[in-house]
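Below is one structure, written out as structure tokens; the observations come after it.
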Amino acid sequence: MTYEERMKWFNEARFGIYIHFGLYSLLGRGEWTMYSERIPAPEYAKLADSFLPAPGCAKEWAETARAAGAKYMVLTTRHHEGFCLFDSKYSDFTSAKLGCKRDIVREYVEAARAAGLKVGLYYSLLDWRFPGYFEPEKYPESKQALVQQAFDQVRELMTNYGQIDLLEYDGAWDARYQFRRPEWAKFWNSAELNAMVRELQPQIIINDRSGTDEDIETPEQVVRAGQQRMTESCMCIGDSCAWGYTRFNPNWKSAEQLLQYLIQAAQLGGNYLLNIGPCPDGSIRNEELERLQAVGRWLKDNEEAIRNSQSCDLIGASQPGIIDLNLQGPWTRKDNVGYWCIFRWPGKVATAVKVATPVKKVTLLATGREYPFVWDKNNGKLTISGLPALPPDPLASVIKVEFDGIPRRMEEADLSSWINYQN
Ligand code: JFZ
């Protein structure tokens with residue numbers, strides 16, 4: 001299978017839901033609590049008895065993700081704390097053996113498939129319970145056991161749950177943050193690990209966080225274009241250090257902001273993986289639920305502008321809140337069609353400049369209604385008129401523009417030419 005073939009569903013999707021769920025969810029202070037509060041492993045392990053997610057919680061995640069318009073999910077099968085949400089022959093510290101005594105990963109995989117979603121698994125290589133992670137030179141046997149555990153558990157995840165569409169590693173960095181990705185790959189023997197994964201799951205997409213390049217880059221808390229490969233930008237709805245349930249969490253991004261990030265990712269031809277941190281019982285808190293539902297409602301009418309989008313040359317804000325010479329918003333594109341995603345509705349007349357490609361037809365994507373326009377081929381100005389005075393969609397209104405060819409940006413040979421322009 002070629003890279004393009006493997007990436008097909010991923011490009012089509014553009015939007016996924018990340019789920020951080022583990023013992024840290026019970027504490028409500030984020031997924032780094034064990035380390036940041038230096039809680040000794042035996043004491044931390046006691047939390048497992050209280051890990052009792054409500055039956056059916058995985059179904060709730062899948063249904064919520066689907067209603068949000070996501071096409072895939074990624075679940076933390078095991079975060080840095082080392083607690084597995086799956087049954088493992090290589091660990092007793094799992095949800096299958098303790099607390100609820102259920103294989104949450106199995107429930108999740110089944111729920112995702114039932115909802116028509118692609119299945120992504122997150123696996124943290126590092127495990128804070130191993131002294132050999134922090135001090136590999138001092139505790140070489142522990143380091144060896146840690147790497148062996150990663151091989152054994154990744155093999156289990158790639159063997160026991162049918163087709164897995166996406167594998168997202170994390171936690172390959174060294175505890176002193178001294179080294180770079182090639183050194184991480186050496187530490188974890190990642191080339192061999194990933195060869196095993198591809199043997200077991202030939203169609204799988206793998207991120208670059210084990211230290212080898214693989215298929216996708218996964219920048220955090222920002223949306224940006226890929227430097228080398230296809231990009232999936234991941235982000236929290238609340239603050240950045242709170243992927244896991246954080247009970248008192250300030251600074252929730254608004255539905256408008258989240259949507260702007262999604263559109264920005266689509267504009268760059270990449271994906272947006274938006275995180276939720278379920279409550280101790282596995283339910284999704286209202287602050288997250290409401291925002292996902294709002295994004296889902298918008299996608300229902302406007303997904304054509306997002307799925308399988310290609311990057312667009314026309315002038316448009318490349319970042320939410322940044323005025324890149326186009327005050328209204330960014331463009332996405334599919335072949336000869338441009339989708340002008342307007343966050344700041346201009347009123348009855350919308351003006352785009354430096355449009356070099358002839359325009360054939362202008363409609364509002366959500367309604368299909370056609371609007372009159374004038375395109376001046378000499379200066380590249382596109383003026384759309386007769387539009388509603390108020391924004392048709394309070395989150396973002398999409399004007400669909402059909403061009404005669406791939407829309408291109410017009411360069412201004414003389415930057416002052418517009419001042420005394422006459423047509
Ligand atoms: C990691 C985790 O430590 C964190 O808890 C969360 O799971 C997140 C999705 O991933 O944090 C990272 C990983 C990589 C970078 C930054 C934070 N990075 O590449 O910049």
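The values are calculated or read from the model by the stated rules, or taken from the named source; none is laboratory data. Predicted model only: the values in this text are computed from it and were never measured. Here the Cβ is made from the backbone with ideal geometry for all residues, glycine too, and neighbour counts use every protein chain on show. Only protein heavy atoms, including side chains, enter the accessible area calculation; ligands, DNA and RNA are left aside. Shrake-Rupley method; radii C 1.70, N 1.55, O 1.52, S 1.80 Å.
General remarks:
- Residue count for the stretch 389-415, restricted to those that are out of contact with any Lys or Arg (no Cβ under 7 Å at 6 or more places or on another chain) and either open to solvent by 100 Å² or more (accessible area, probe 1.4 Å) or at pLDDT 95 or above (or both): 18
- Only a single item in (1) in a loop (DSSP other than H, G, I, E, B); (2) within 16 Å of the ligand (Cβ to nearest atom) is not met by Asn275, and it is number (1).
- Inter-residue pairs, beta-carbon under 6 Å, first part of a loop (DSSP other than H, G, I, E, B) and in the stretch 53-76, second open to solvent by less than 40 Å² (accessible area, probe 1.4 Å) and within 16 Å of the ligand (Cβ to nearest atom), 6+ apart: Ala70/Gly16; Ala70/Ile17
- Whichever residue in the stretch 167-193 is within 11 Å of the ligand (Cβ to nearest atom) and closer than 26 Å to Val109 by Cβ and, among such residues, is surrounded by the fewest Cβ atoms within 10 Å (Cβ to Cβ): Asp170
- Residue, farthest from the ligand (Cβ to nearest atom), within the stretch 227-272, restricted to residues that are open to solvent by 10 Å² or more (accessible area, probe 1.4 Å) and of a type in the set (Ser, Thr, Tyr): Ser254
- Test for Ala48: is it surrounded by fewer than 22 Cβ atoms within 10 Å (Cβ to Cβ) and at pLDDT 95 or above: yes
- All of Asp87, Asp92 fail the test of being closer than 24 Å to Asn207 by Cα and either within 16 Å of the ligand (Cβ to nearest atom) or part of a loop (DSSP other than H, G, I, E, B) (or both), apart from Asp87.
- Among the residues of the stretch 197-239, those identified as outside any strand (DSSP E or B), free of Cβ contacts under 8 Å to residues at least 40 places away in the same chain and under 20 Å from Trp184 (Cα atoms) are Arg198, Asp208, Gly211, Thr212, Asp213, Glu214, Pro219, Gln227, Gln228, Arg229.
- Selection from the stretch 401-423 of residues that are without any contact (Cβ under 8 Å) to a residue 12 or more places away in the chain and polar (S, T, N, Q): Ser416, Asn420, Gln422
- Of all residue pairs spaced 6 or more apart or on separate chains, those with beta-carbon atoms under 9 Å, a first member in the stretch 294-314 that is open to solvent by less than 10 Å² (accessible area, probe 1.4 Å) and a second member that is in a helix (DSSP H, G or I) and among the polar types (S, T, N, Q) are Gly296/Thr64; Ser309/Asn11; Ser309/Gln267.
- Qualifying residue in the stretch 13-25 (condition: open to solvent by 10 Å² or more (accessible area, probe 1.4 Å) and away from the ligand (no atom under 16 Å from the Cβ)): no
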